[in-house]
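Input: a single structure, listed below in structure tokens.
What follows is calculated from the coordinates using simple rules that are stated; it is not laboratory data. Computed from a prediction, not measured in an experiment: that's the story for all the values here. FYI the Cβ positions are ideal-geometry reconstructions off the backbone, even for glycines, and counts take in every protein chain you see.
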2 protein chains.
Amino acid sequence: MTINRQILLVSRPKGEASLDNFHLAAPELPELGDGQVLVRNNYLSLDPYMRGRMNDRKSYAPPWPLDTVMVGATVGEVIESRHPDWQPGDAVAAMFGWQEYGISDGSNLRRLHDARVPRSAYLGAAGMPGVAAWYGLNRIIGPKAGETIAVSAASGAVGGVVGQLAKRAGCRVVGIAGGEQKCAYVVDALGFDACVDYKAANFQAALREAVPDGIDGYFENVGGAVLDAVMTNLNPHSRIALCGMISGYNDEPIPMKFPALLLMNRVRLEGFIITQLLDVWPQALKELTDAIVADQIRYRETIARGIENAPAAFLGMLKGENFGKQIVRLF
Amino acid sequence: MTINRQILLVSRPKGEASLDNFHLAAPELPELGDGQVLVRNNYLSLDPYMRGRMNDRKSYAPPWPLDTVMVGATVGEVIESRHPDWQPGDAVAAMFGWQEYGISDGSNLRRLHDARVPRSAYLGAAGMPGVAAWYGLNRIIGPKAGETIAVSAASGAVGGVVGQLAKRAGCRVVGIAGGEQKCAYVVDALGFDACVDYKAANFQAALREAVPDGIDGYFENVGGAVLDAVMTNLNPHSRIALCGMISGYNDEPIPMKFPALLLMNRVRLEGFIITQLLDVWPQALKELTDAIVADQIRYRETIARGIENAPAAFLGMLKGENFGKQIVRLF
């Protein structure tokens, strides 16, 4: 008999999410049926989009149902199989959610195709965040050598990849991150040309100084005051890829202060949701994993331990307490 | 000796523009030099973008210099020529600004190519506003048959053309205009499916009712509260062409209330300035003049008389007091 510990969403946040929105359950795993596969999840991914799914209002996806296992990407290993295509030991990515095990008919399993890449990276630079970075940069911004590209949440799972890909495209890359430590990492470890601390009192002046030729492309992960500050530095014909707006996920919408700048600068802005753009994943993942193996894309992870600590790690991430990709190690 | 009455910009608005920002001057016309053409302007166009040029701050175009003739499009007739390509009687469009006559070396004159189209229309549906409508609709929104297209300032020079072109593309077309009279005109004379009065107390509910299947494409001329209301009705993958934001032209920027909707609905938004997209003008003008001649594009004009009345007509237009394209008849 195996206990499958899992985190259920049991109530919806009023304003900020809190620990009592979650509940740790510990049901038994059922027996495997014919054609089924049992996966033990090594890692659970924690991502900002999950906050949106907790709300009970129309968004790009329906609200996540109460009293069910929270949604989330996982990587793990097949430990039992009654399916001809899958063998114990196979490494797989899936969307099993916040739980220790998952049972599948195989249709929603994705093989981790390059064993040289650490498994946890398939939740970050070689997974959904990496593909989001790849798509927004290459398909929306379209960086040209010599241009200035800015990205918010630059030390995060998405932002870090955006900047490193833009550097490879020959751009000047300016990150925006919270705090000196993260900014130092973005420049020193990830190779950005500059990084500006949005929590610093002189943020606006520092940003302006970091982009002497203005901003040609902006990859947005946060929204709010950071977006407003970036917009005052946009060049004519600049492009904005809208990937996330984490600053507005706690219910009250945050306005955009100067929308007329979109007109004055003839900006093209496009919102996207990477899980709905499945046709680009194979090409993006191939390029990303190759770059990771070649040490051209680096990343950092913050790893919590144990499914029971997922809610606290998640709440911390929403406040920017993580440093790089937030992951929960389950086994 | 010919007196050329003209309106100079003599001061910059603080908040709303006012009559004392303008001054009526009456200099003599100089003698024509070799290679020069003298044009008598029949009509002067008044357009919202002019308000932006009156400000002393960075915009998509530099501030218009003080103590010079206000910028503006004109149509008129050559009355004297010392240039081999131009003869008295030739009908021309130009940017002579707010004055009765213009002198040119020919390089900035555009022949009115279809005499079946009334001259004044070359300032409206067959001119810059028409081309702006054509570009924003066809090149940014890309309307598909069966989609719902909304347009603000629907009774205006740009909006009216947008809606009629979208109807020809097989779309459901919903206008937004100020007042019952304009809305009735938009539906009855221009053939829109519906028009919603943004000044009415029930604007938001009426808009929602007018777009039962949501909005797939939005052509924006005004910004502010109208944009906010439209955005709450956007469909996934909708497109916004940002042509004007007249509601914010009086100095204080008007925020966009719900920018996160751009992400949730994966919207593509693009600002454009039609005077900087000269390569599309020939095709657009050909299609527009053909449609006008075929009575497939209709328009309405509000005509003030005499250059001395241009400032008051302009201020009225900024408040929506015009009905259709605002023009000043000079001769």
PRE zone check, label point 7 Å out along Cα-to-Cβ of A:Glu31, amide N under 19 Å, scope the range A:64-100, hits A:79-84
Between the Cα axis of helix B:281-293 and the main Cα principal axis of chain B, the angle (0 to 90°, nearest 10) is 80 degrees
Phi angles of the range B:115-132, converted by Karplus (6.51 cos²θ - 1.76 cosθ + 1.60, θ = phi - 60°) into ³J(HN,Hα) in whole Hz with x for Gly and Pro, give 6, 6, 8, x, 3, 4, 5, 5, 9, x, 4, 9, x, 3, x, x, 5, 4
The alpha-carbon center of the range B:287-312 and that of the range A:297-331 are separated, in whole Å, by 62 Å
For the range B:121-190, shape from the Cα gyration tensor axes a ≥ b ≥ c, cut at a/c of 1.5 then a/b versus b/c, turns out oblate
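Give me the percent relative contact order of the range B:83-194, please, defined on Cα pairs under 8 angstrom at least 6 residues apart.
18 percent
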Quick note on A:Trp64, B:Trp98, A:Trp134, ordering by fewest other C-beta atoms within 10 Å, gives A:Trp64, A:Trp134, B:Trp98
Exposure-ranked with fewest Cβ neighbours within 10 Å first, A:Leu288, B:Leu318, A:Leu66 stand as A:Leu66, B:Leu318, A:Leu288
Result for chain A, cysteines with no Cys Cβ partner under 4.7 Å, is A:Cys171, A:Cys243
If exposed means GluC sites (Glu not before Pro) lying in a DSSP loop and surrounded by at most 16 other beta carbons within 10 Å, then the longest stretch of chain A lacking such sites spans residues A:32-320
Using eta = 0.890 mPa s and T = 25 °C, Stokes-Einstein with Kirkwood Rh from Cα pairs puts D for the protein assembly as shown, in µm² s⁻¹, at 89 µm²/s
Along the range B:188-205, Karplus-curve 3J(HN,Hα) (6.51, -1.76, 1.60; θ = phi - 60°) to the nearest Hz, with x for Gly and Pro, reads 6, 8, 9, x, 5, 6, 7, 8, 10, 8, 6, 8, 6, 5, 9, 3, 5, 5
Between A:Arg116 and B:Arg111, the FRET efficiency computed from the C-beta separation at R0 = 56 Å comes out, to the nearest 0.05, as 0.25
With DSSP loop assignment and no more than 10 other C-beta atoms within 10 Å, the trypsin sites (Lys or Arg not before Pro) in the range B:273-331 are B:Lys319
Binned at 10 Å starting from 0, the alpha-carbon pair-distance distribution of the range B:206-331 in whole percents comes out as 11, 28, 36, 22, 4, 0
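If you take the square roots of the eigenvalues of the alpha-carbon gyration tensor of the range B:214-282 and sort them as a ≥ b ≥ c, do you get rounded (a/c under 1.5), prolate (a/b over b/c) or oblate? Please report the intermediate quantities before stating the final value.
Details: a/c = 2.37, a/b = 1.22, b/c = 1.95.
Judged from the Cα gyration tensor, the range B:214-282 comes out oblate (a/c at least 1.5, b/c at or above a/b).
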Those trypsin sites (Lys or Arg not before Pro) from the range B:26-124 that are DSSP loop and have at most 12 other Cβ neighbours within 10 Å turn out to be B:Arg57, B:Lys58, B:Arg116
For the range B:110-243, the dipole about the Cα centre with charges only on Cβ (Lys and Arg +1, Asp and Glu -1), to the nearest 20 debye, works out at 640 debye
So, in nm and shortest first, the distances from B:Lys199 to its counterparts in the other copies, with label points 7 Å along Cα→Cβ, work out as 5.1
Counting only residues 5 or more apart in sequence or on a different chain, those whose built amide H sits under 5 Å from that of A:Phe22 are A:Val10
Filtered hits (lysines, Cα-Cα < 21 Å from A:Lys144, offset >= 8 within chain) -> A:Lys167
Distance in nm between A:Arg305 and B:Asn309 label points, each 7 Å along Cα→Cβ, equals 8.5 nm
In degrees, nearest 10, the alpha-carbon axis of helix A:157-168 is tilted away from the dominant principal axis of the alpha carbons of chain A by 50 degrees
Over the Cα atoms of the range A:128-275 the radius of gyration and the largest Cα-Cα distance (Dmax), both in Å, equal 13.6, 39
Listed by chain and number, the residues whose amide H is under 5 Å from that of B:Arg305, excluding neighbours fewer than 5 places away on the same chain and using placed H, are B:Arg329
Looks like chain B, by Cα gyration tensor root eigenvalues a ≥ b ≥ c and the a/c under 1.5 rounded cutoff (else prolate when a/b is bigger than b/c, oblate otherwise), is prolate
Quick calc, the range B:49-109, dipole around Cα centre from Cβ unit charges on Lys, Arg (+) and Asp, Glu (-), nearest 20 debye, gives 480 debye
In nm, the gap between the two label points placed 7 Å beyond Cα toward Cβ at A:Leu277 and B:Lys199 is 4.3 nm
Scoring only Lys, Arg, Asp and Glu (+1, +1, -1, -1) among other residues with Cβ under 14 Å from the Cβ of B:Ala157 yields +2
Averaged over the residues of A:265-278, the number of partner chain Cβ atoms within 10 Å of each residue's own Cβ comes to 5
antiparallel share of DSSP beta bridges within the protein assembly as shown, to nearest 5, in %, is 55 percent
